[in-house]
Structure formats: C-alpha cells, structure tokens
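As structure tokens, the structure follows; a few thoughts come after it.
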Amino acid sequence: MLTLHTRLLEIAYEKERLLVNGDMPAFSELVKEEATLVRQIKQKEAERLQGTYILDDEEKEALRPVVLELKRQNELNAVLLEQSLRYIEWHLDMLLPEADDFTYGQQALETRSFSRDV
C-alpha cells in the first residue's frame, strides 16, 4: 500500500511540473496512469476492510505523511489546473467576439436606416 501511495505522490509532483509547462498530452497520459494506481489502491483498501490485507503499525506510520503530502500536492495541482482553465477561458473571450457583434437583431435594424433610393 505504501509503494502505491508513494508512486501516486510521484505522479502528483510530475503533474505539477506538466501543468506549469503546459504539456497537456503528457499530463493526459499521467492521468491514465494515476487512474490505474487509484484502482489498485481501492482494491487494497477493500481487501483491508475484508480483513484479508492487514497494515502493520510501521506501515501505517509510514503511510500517514505520504497521504498528507499527497493531499497537499493534489490541492496545489487543483489550483494550478483552475488557473490554467481561467487563462484559456480568458484567451477564448479575447479571440471570439460577443454573439451580439456578429448577428443581426432588432437592435441592429433600429439603429440603422435603410434606404433603397439610389
């Protein structure tokens, strides 16, 4: 269980680096690996709850700081991901005109006078 959580923490650190560098293809691959590890951890936890896998006190003590650091790192990654999404949203807002700018509506008809006289 400790090795799975330690690997999950390594992935969390790597995700931070990829988010900062903007390497989304590598980030996506890492998320897939992370999902596999999470499934394995869930399986071990189910075994622990059934009593077929027992954590000794030493492993529990070693696991505690890893889980706390993993939580902290995941919170940081969530903040970085949110900032990245806001940045992308801001760029899209700058690049795409508002819907009113390129459609004809009643307001456009009222503000312009059309004459067929030549």
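Please treat every number below as a calculation from the coordinates, not as lab data. All figures in this text were calculated on a predicted structure; none of them were measured in a lab. No Cβ is skipped: glycine too gets one built from the backbone with ideal geometry, and neighbour counts run over all protein chains shown.
Data overview
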| read-out | value |
| --- | --- |
| Lys, Arg +1 and Asp, Glu -1 on Cβ, resulting dipole of the range 1-101 about Cα centre, debye, nearest 20 | 500 |
| For peptides 83-89, 10-16, sequence by mean Cβ density within 10 Å, most packed first | 10-16, 83-89 |
| Sorted peptide list for 65-73, 28-36, criterion being average Cβ within 10 angstrom, highest first | 65-73, 28-36 |
